[in-house]
Amino acid sequence: DELRRRVIYCLVPFVIAIVFSAPFTKTFLAFLRIPAAGVIKELAFFSPQEVAVVYMKIAIFSGLILSLPVILYQIWGFISPAVGEKQKKYITSFIFWAFFAFMCGCAFGYLLLVPFSLKFLIGLAGKELTPVIALSQYIGFVLALIAGCGIAFELPVVVWLLARLGIVNSKFLRKKRRYAIAIIFIAAAVITPTTDPINMTLMALPMLVLYELSIWICHWNQKGTNTHELETNRNE
């Protein structure tokens, strides 16, 4: 019942955000075409409904970003019974840093990964071939990379949350580093919409950096928790 209620509370603002984003889809489309400047001159569509489907995808993605703070709040509300009373005060930090991390990931994908991927993949054709890129394929490619990067950048926030719940610690993360590297490359291969190893590596590298950052976040979290416990014991 609780899960159903939280899902409904997520869907309502999500749908409202989609409706709000719908009139601006042409502007968002122009924004998403910027990384292709100088690489793809024109985008083509091959069916009457293709443009409408693309606008729908853009509106859904925009609605997800706009409603993400509310969705994060509901996620925290769902897991809060498993969190101690002392940790419940971190709800604002969780929402802020989770949203900030997702937006940083989207920016990384939009500004770095998408332009590099387009130049590399289309450059393989050389001057002998002329690219004719479908609008739906291009938008699907760009949104997949941007969303994938946004999800990947949530790693430190997830690790911080698991550390607060006492599920992981810095020692455990260091010990499992080699397994984490393998999992990260597998995840990068799944997230990346292309099959070339270069883009997969470009996706994996920031995830490896974020994993190392997560270890330090766990360490600081443990240090802060231990200090707080010592002060509490002294006061008692």
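The values are calculated or read from the model by the stated rules, or taken from the named source; none is laboratory data. Nothing here was measured: the structure is a model prediction, and the numbers come from that model. Because the Cβ atoms are built from the backbone with ideal geometry, glycine has one as well, and the counts that use them run over all protein chains shown. To get the accessible areas, we keep the full protein, side chains included, count just its heavy atoms, and leave off ligands, DNA and RNA. Shrake-Rupley method; radii C 1.70, N 1.55, O 1.52, S 1.80 Å.
Observations on the structure shown:
- Residues in segment 25-55 that are loosely packed, with under 11 Cβ neighbours inside 10 Å and under 14 Å from residue 142 (Cβ atoms): 30, 37.
For every residue, the table says whether it meets (1) among the basic types (Lys, Arg); (2) open to solvent by less than 20 Å² (accessible area, probe 1.4 Å).
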| position | (1), (2) |
| --- | --- |
| 109 | no, yes |
| 135 | no, yes |
| 161 | no, no |
| 164 | yes, no |
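- Single condition residue 92 does not satisfy, out of (1) within 30 Å of residue 1 (Cβ to Cβ); (2) open to solvent by less than 80 Å² (accessible area, probe 1.4 Å); (3) free of Cβ contacts under 8 Å to residues at least 24 places away in the same chain: (2)
- Only one of the numbered conditions (1) outside any helix (DSSP H, G or I); (2) open to solvent by less than 90 Å² (accessible area, probe 1.4 Å); (3) at pLDDT 90 or above is violated by residue 14, and that is (1).
- Test for residue 22: is it part of a helix (DSSP H, G or I), out of contact with any Asp or Glu (no Cβ under 7 Å at 6 or more places or on another chain), under 18 Å from residue 141 (Cα atoms) and at pLDDT below 95: no
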